[in-house]
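One structure below.
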Amino acid sequence: MNTRLNVLAMTSAALLLGLAWTGNSLAQQASPAMPAPELDRVSCTEVDWHQNMKRDYPWVANACHEAIVVDGQKWARFEAVFQTLNRDGSITSNFRNDRGRSLGNVTLKPGPDQRVLLDGRPTRFSDLQRGQVLNFYAPEGMYAFTTAPGVPATEVVQIVEPAPVSQPPRQLAQAEPTTTTRPATLPATAGLLPIMVLGGLLSLLGGISLTMRRCLTGRNGR
C-alpha cells in the first residue's frame with residue numbers, strides 16, 4: 001500500500017514539474033525578452049552641440065546636467081521649470097543649471113500625442129502646472145529636444161525658434177555745423193575811429209596849409 005502511494009506521489013510530482021517546465025518554455029517562446037539599451041553617462045563637455053543650438057541658446061552647455069549615452073549616441077539632460085502653456089499649444093520652460101540658477105527660457109511645440117515624464121508618469125503637456133520640474137534631452141548634433149533619451153525621431157519636440165533681436169541702425173557721428181552770427185550794428189568804437197583818424201588828418205593838413213601860407217606871406221612882405 002505504501003509502495004503504491006509513493007509511486008503515485010512521485011508520478012504526480014514528475015507531472016507537475018513537466019507541466020511547469022513546458023509552461024515556462026511556451027512563455028519564453030511567446031514573448032521573447034527585448035534587449036535593453038546600453039546606458040552610460042559622460043560629462044557635458046564631451047557633447048558636440050549643434051551650431052544653431054549654441055547660436056539661439058549660448059548658455060546651453062552650462063545648463064546641461066549630464067550626458068546619457070544610449071547605444072553610442074549622447075543625449076544631454078536638462079532640468080527646466082514649467083512656466084506657461086501658450087495659446088498656440090506651445091509651452092515655455094525656464095532652463096536651470098545644476099545649482100538651480102535660471103539661465104534662459106525655451107519654447108517648445110509638442111505634438112498632440114506627446115507626453116512628458118512627471119515623477120515617472122507620462123503626463124500631457126496641457127495638464128502641467130506652473131513650477132513643476134521637467135527633464136528634457138537634446139540629442140548630440142541635433143537642433144531638437146526630447147522628453148526621454150534614445151527615442152526615435154518621431155518623438156522629437158519641435159523648438160520654436162526665438163525671434164531675432166532687432167538692433168537700431170548705427171548712425172555715424174556728424175559734426176554739428178558752426179554758424180557765425182554777425183552783429184547787427186558795429187561797436188561804437190569801430191564807427192568813431194575812422195572819423196577821429198579823418199579829423200586828425202584834416203587838422204594836420206590844415207596846420208600845414210596855415211604854416212605854408214604864413215611863410216609865403218612873410219616872404220612877400222620883405
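The values are calculated or read from the model by the stated rules, or taken from the named source; none is laboratory data. None of these values were measured; they are calculated from a predicted model. All Cβ positions, even for glycine, are placed from backbone atoms using ideal geometry, and neighbour counts span all protein chains on display. Note: accessible area is taken over every heavy atom of the protein model, side chains too, but ligands, DNA and RNA are not part of it. Shrake-Rupley method; radii C 1.70, N 1.55, O 1.52, S 1.80 Å.
Here is how the numbers come out for the structure above:
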{"item": "Test result for Arg130, farther than 18 Å from Ile159 by Cα, open to solvent by 80 Å² or more (accessible area, probe 1.4 Å) and outside any strand (DSSP E or B)", "result": "yes"}
{"item": "Gln158 vs. criteria farther than 23 Å from Val42 by Cβ, surrounded by fewer than 18 Cβ atoms within 10 Å (Cβ to Cβ) and modelled with pLDDT of 95 or more", "result": "no"}
{"item": "Hey, Leu117 assigned to a strand (DSSP E or B), crowded, with 17+ Cβ neighbours inside 10 Å and among the hydrophobic types (A, V, I, L, M, F, W, C) or not", "result": "no"}
{"item": "Candidates Arg115, Arg77 - the one that is in contact (Cβ under 8 Å) with a residue 60 or more places away in the chain and of a type outside the set (Ser, Thr, Tyr)", "result": "Arg77"}
{"item": "Residue that is among the hydrophobic types (A, V, I, L, M, F, W, C), part of a strand (DSSP E or B) and open to solvent by 30 Å² or more (accessible area, probe 1.4 Å), where the choices are Leu108, Leu103", "result": "Leu103"}
{"item": "Scope segment 84-99; condition open to solvent by less than 40 Å² (accessible area, probe 1.4 Å) and at pLDDT 95 or above; matching residues", "result": "Ser90, Ile91, Thr92, Ser93, Asn94, Phe95, Asn97"}
{"item": "First in segment 38-62 and modelled with pLDDT of 95 or more and surrounded by 15 or more Cβ atoms within 10 Å (Cβ to Cβ), second anywhere and among the acidic types (Asp, Glu) and not in a helix (DSSP H, G or I), Cβ under 9 Å, 6 or more apart", "result": "Cys44/Glu66; Val47/Glu140; Trp49/Glu140; His50/Glu140; Asp56/Glu161"}
